[in-house]
Amino acid sequence: MRFTRCARHALLALFATVFFAGILSGTAYGQTHGDARLAEQVFKNVQSLKGIPADEFMSTMGFFSASLGISCGDCHTADSGGDWAKYADDNDRKRRARGMIAMVNTMNKNFFAGRRVLTCYTCHRGDQRPKVVPSLAVQYGPPLEDPNEIEIIARTGLPSADEVFDKYLQALGGTQHLENITGFVAKGAYSGYDTDHQKFPVEIFAKAPAQRTTIVHMRIAGSVEDSVRTYDGRDGWIAALDKPVPLMALTGGNLNLAKIEAMLSFPAQVKQAFGQWRVGVTTIEDRDVLVVQGTSAGQPPVKLYFDSKSGLLARMVHYSESPVGRTPTQIDYDDYREVAGVQLPFHWTVTWTDGQTSTELTEVQPNVPIDNARFTRPAPAAQPKPTAK
């Protein structure tokens, strides 16, 4: 994995020259229900990425990071993580980045009718400098296949999407058992880039059909600081110290991802949530899997990977749009255990352009009373305390 401890702020670390403004002025606390502030309202010195919500701006930084395989210190000074003001400094790399954004936009406009065919990743592919000499090792070596990039085309001999979902629901315990679980409270441990990969207690509250709140109780400098992610069935938020605002509203693809995660807590409804399902086949770590790709209006496709033998969900891949390209999020599920007649994953790993997190459950209590307040907009996190890197 390329990311160092600097990855905690990697989404702020690349190309766009920014400075966190809302925390000092207090304006970030003024978000209303479902409101999302624009990048230039949250950051200073935004020049090439104006007019997009703050969470989409963060995803765009992650796209740059993944495309070039670099992190904070590569475009900012090493001490930027300890001083938000330094993110606004200009340098040659940032100025070059603005020019590269304009170049790619111009090529897409002039040669591809404005469609986003070319991105940073097209040429860089994880390197700071695009390669100009063909690689014989790549040409004659074994093919490197990414199951996430599978192109699903019509082919014979595969089950239909309905058959894949029917097997999945049966493997989980059957429709009746699934419908009997209307909510649950889970506890376990969480670790990831935002905890420096230390394990901290996590609580998950979920209520059908699609409400979900995750609370990570992080201990920082001797005090407990909660990181809260909430989807109330319509809107979503993140209240966490590692975000650029104390309460960040989710928009676009990020909001859609929160919705899908909540729906997968009660999977009997997933098939009806999308249309135009298509089926393909690939492998994940030598396991044969069936890939079911669905679409919904105005959103990129969602891919669900089902183990061919067990029928259980092994992976979900979701994409979010950004001004410079489509950013993927991958969630891998395993360690299924029975809870009230239903198989639930007790472990999952989330991988995206800014890092990786892992959640391990130790207990799940089905159908316990859950206060509706658990799914309302969370309180803003305390003032961020950037850590010197």
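The values are calculated or read from the model by the stated rules, or taken from the named source; none is laboratory data. Since the structure is predicted, the reported quantities are computational estimates derived from the model, not experimental observations. Every residue, glycine as well, gets a Cβ built from its backbone with ideal geometry; the counts of neighbours run over all protein chains shown. Heads up: the accessible areas ignore ligands, DNA and RNA and are worked out on the full protein's heavy atoms, side chains in. Shrake-Rupley method; radii C 1.70, N 1.55, O 1.52, S 1.80 Å.
A residue that is in a helix (DSSP H, G or I), of a type in the set (A, V, I, L, M, F, W, C), over 27 Å from residue 287 (Cβ atoms) and open to solvent by 100 Å² or more (accessible area, probe 1.4 Å) occurs somewhere in region 131-141.
Does region 310-333 include one or more residues that are of a type in the set (A, V, I, L, M), surrounded by fewer than 19 Cβ atoms within 10 Å (Cβ to Cβ) and within 20 Å of the chain's Cα centre (by Cα)? Checked region 310-333: no residue is of a type in the set (A, V, I, L, M), surrounded by fewer than 19 Cβ atoms within 10 Å (Cβ to Cβ) and within 20 Å of the chain's Cα centre (by Cα).
Residue 176 passes every criterion in (1) surrounded by 13 or more Cβ atoms within 10 Å (Cβ to Cβ); (2) closer than 30 Å to residue 291 by Cβ apart from (1). Scanning region 334-364 for residues that are farther than 16 Å from residue 262 by Cα and among the aromatic types (Phe, Trp, Tyr), we see that the one that is surrounded by the fewest Cβ atoms within 10 Å (Cβ to Cβ) is 336. Remark: pairs (first residue in region 183-198, part of a strand (DSSP E or B); second residue at pLDDT below 90; Cβ separation under 7 Å; 6+ apart in sequence or on different chains) = 191/197; 192/355. On the stretch given as region 295-309, residues that are in contact with a strand residue (DSSP E or B) (Cβ under 8 Å, 6 or more places away or on another chain), surrounded by 20 or more Cβ atoms within 10 Å (Cβ to Cβ) and touching a residue at least 40 places away in the same chain (Cβ under 8 Å) total 4. Being assigned to a helix (DSSP H, G or I), without any contact (Cβ under 8 Å) to a residue 60 or more places away in the chain and surrounded by 16 or more Cβ atoms within 10 Å (Cβ to Cβ) is the filter here, so list the residues in region 97-119 that pass it. Hits for region 97-119 are 100, 105, 108. Consider region 256-292 and keep the residues that are open to solvent by 40 Å² or more (accessible area, probe 1.4 Å) and within 17 Å of the chain's Cα centre (by Cα). The one that is nearest to residue 375 (Cα to Cα) is 259. Evaluated against (1) more than 24 Å from residue 271 (Cα to Cα); (2) modelled with pLDDT of 95 or more; (3) under 17 Å from the mean Cα position of the chain (by Cα), residue 188 falls short on exactly one condition, (3). Of the residues 225, 163, the single one that is under 25 Å from the mean Cα position of the chain (by Cα) and open to solvent by 20 Å² or more (accessible area, probe 1.4 Å) is 225.
When we screen 183, 236, 192 for residues that are touching a helix residue (DSSP H, G or I) at 6+ places or on another chain (Cβ under 8 Å) and open to solvent by less than 10 Å² (accessible area, probe 1.4 Å), the only hit is 236.
Residue by residue, here is whether (1) at pLDDT 95 or above; (2) of a type in the set (S, T, N, Q); (3) touching a helix residue (DSSP H, G or I) at 6+ places or on another chain (Cβ under 9 Å) holds:
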| residue | (1), (2), (3) |
| --- | --- |
| 331 | yes, no, yes |
| 347 | yes, no, no |
| 352 | no, no, yes |
| 363 | yes, no, no |
| 369 | yes, no, no |
| 376 | yes, yes, no |
